[in-house]
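Working notes, beginning with the structure itself.
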Amino acid sequence: MSDALIKIEGVTKSFGGAVKAVDDIDLEIGRGEFFALLGPSGCGKTTLLRLIAGLEAPDSGRILIDGMDMSAVPPWHRPVNTVFQSYALFPHMTVADNIAFGLKQDRLPKSDIRDRVAEMLDLLELRTFANRKPDKLSGGQRQRVALARSLAKRPKALLLDEPLAALDRKLRDQVQIELSALQRRLGIAFIFVTHDQDEAMTMATRIALMRSGKLEQVGAPQEVYERPGSSYVADFFGRANILPGRIAGRNGALLRVQSPIPGLTFQAPHSGELAEGTGVWIAVRPENVTFEEHGHPNRANGIVREATYAGDVSRYEIDIGSGLVLRVSIPNRIGESNSRPERNAKVCVSWPNAAGILLTR
Ligand code: ATP
């Protein structure tokens, strides 16, 4: 990336023990990106964010922001600002004073501070709350104050630690949209930590999925969903079915895979050369599997173990033998949901060749 704002070069961080919280990571984040650090608890995403902020120092490697090596630069002199999960607002100060705090510390002229606070109150629609204390605000309003306080210093990137964690489900959906709009309007990089794949998919322009201190895959939401590089990624985003097998040969653009079920092969597109007998996985998304009678080339007979109605979709678990259970998700369009199989029914499941993602790890 030629126009990278943040360059992370071979950064490793451990906390004394043998485990590396962040393990030799290389990553570039561009200006104006809305970038998600995603992964399960303990994968190192918060540590990576804190390394960028300067709240932790790497054991090895370095971080450059805007071309400058940050190794010797303390957090308060870095051109980034952090919004903490708890918001860390000063309870005894008004909203306006909270926003002005960092600017006063930087000894900006009084008139500049006044202008900047007014600008932030407008930007985050907080004008009517300017003289309130944080405990008289809702969760969403408190978050907007934390954002205003961080943005007042005009950072080149905003770092957000689980920005929606303290909000209830309904407010979260609304704030997701607000945050995305704010980021687009300001055009500065937002880098946020989350363990929620939906949240990352909805807000981010690019996602880094982390696993045990390393980057498993980095890409746009559509890329990581449609072209996962490993079974871990395919499972993490949208819980794909991961079917193990061995390469049985080629059929034009498709590779044939012998499943653990005797006599049953599947096929999926793949351009690379893989020797016969190589162990692989085929990932198939639940929404790409159907019960259609004259179905697709990849098919298996099975028994319905679970059938649940979830409003917009119905979900099924189909036992196809040899310990393989296929998750199927069918949208409930009006007039179509009556002829669905019930628990213990015998069914045939099938999916098109293009729905199979062939994975080698
Ligand atoms: P979570 O979503 O649970 O916050 P995370 O992906 O943000 O997880 P980190 O907080 O970065 O993960 O932690 C990565 C690893 O480093 C974990 O094994 C954690 O226990 C360890 N760790 C993090 N901070 C410290 C610390 N200050 N001292 C010791 N170990 C730490």
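If only residues of segment 198-220 that are within 13 Å of the ligand (Cβ to nearest atom) and of a type outside the set (A, V, I, L, M, F, W, C) are counted, the one that is farthest from L37 (Cα to Cα) is S212. Residues in segment 153-173 that are closer than 18 Å to Q85 by Cα and part of a loop (DSSP other than H, G, I, E, B): E162, P163, L164, A165, A166, L167, D168. Counting only helices (runs of 4 or more DSSP H) that sit completely within segment 174-262, zero hold 3 or more residues that are under 26 Å from P79 (Cβ atoms) and of a type in the set (S, T, Y). Hey, does segment 166-176 have a residue that's closer than 26 Å to P244 by Cα and within 16 Å of the ligand (Cβ to nearest atom)? No, every residue in segment 166-176 fails to be closer than 26 Å to P244 by Cα and within 16 Å of the ligand (Cβ to nearest atom). Checking the stated criteria, E162 turns out to be closer than 27 Å to I29 by Cα, touching a His at 6+ places or on another chain (Cβ under 8 Å) and open to solvent by less than 80 Å² (accessible area, probe 1.4 Å). Note on segment 35-64: residues that are closer than 15 Å to I6 by Cα, hydrophobic (A, V, I, L, M, F, W, C) and either surrounded by 23 or more Cβ atoms within 10 Å (Cβ to Cβ) or within 16 Å of the ligand (Cβ to nearest atom) (or both) amount to 9. Would you tally the residues in segment 65-85 being open to solvent by 50 Å² or more (accessible area, probe 1.4 Å) and either closer than 19 Å to L48 by Cβ or part of a strand (DSSP E or B) (or both)? The total comes to 6.
Among the residues of segment 280-294 satisfying the criterion of being open to solvent by 20 Å² or more (accessible area, probe 1.4 Å) and not in a loop (DSSP other than H, G, I, E, B), which is farthest from T360 (Cα to Cα)?
T290
Remark: pairs (first residue in segment 27-45, farther than 11 Å from A204 by Cβ and assigned to a strand (DSSP E or B); second residue open to solvent by less than 20 Å² (accessible area, probe 1.4 Å) and within 12 Å of the ligand (Cβ to nearest atom); Cβ separation under 8 Å; 6+ apart in sequence or on different chains) = L27/A208. Of all the criteria given as (1) of a type outside the set (S, T, Y); (2) in contact with a strand residue (DSSP E or B) (Cβ under 7 Å, 6 or more places away or on another chain); (3) not in a helix (DSSP H, G or I), the one not satisfied by L48 is (3). Listed by first and then second residue, the pairs with beta-carbon distance under 7 Å, at least 6 apart or on different chains, first residue in segment 175-202 and farther than 20 Å from L5 by Cβ, second open to solvent by 10 Å² or more (accessible area, probe 1.4 Å) and of a type in the set (S, T, Y), are Q176/T202; H195/S41. Residues in segment 7-26 that are outside any strand (DSSP E or B) and open to solvent by 60 Å² or more (accessible area, probe 1.4 Å) were compared, and the one that is nearest to L49 (Cα to Cα) is F15.
The values are calculated or read from the model by the stated rules, or taken from the named source; none is laboratory data. Everything quoted here is computed from the prediction, not taken from an experiment. As a convention, Cβ positions derive from the backbone with ideal geometry for all residues, glycine included, and neighbour counts pool all protein chains shown. With ligands, DNA and RNA removed, areas are computed over all heavy atoms of the protein, side chains included. Shrake-Rupley method; radii C 1.70, N 1.55, O 1.52, S 1.80 Å.
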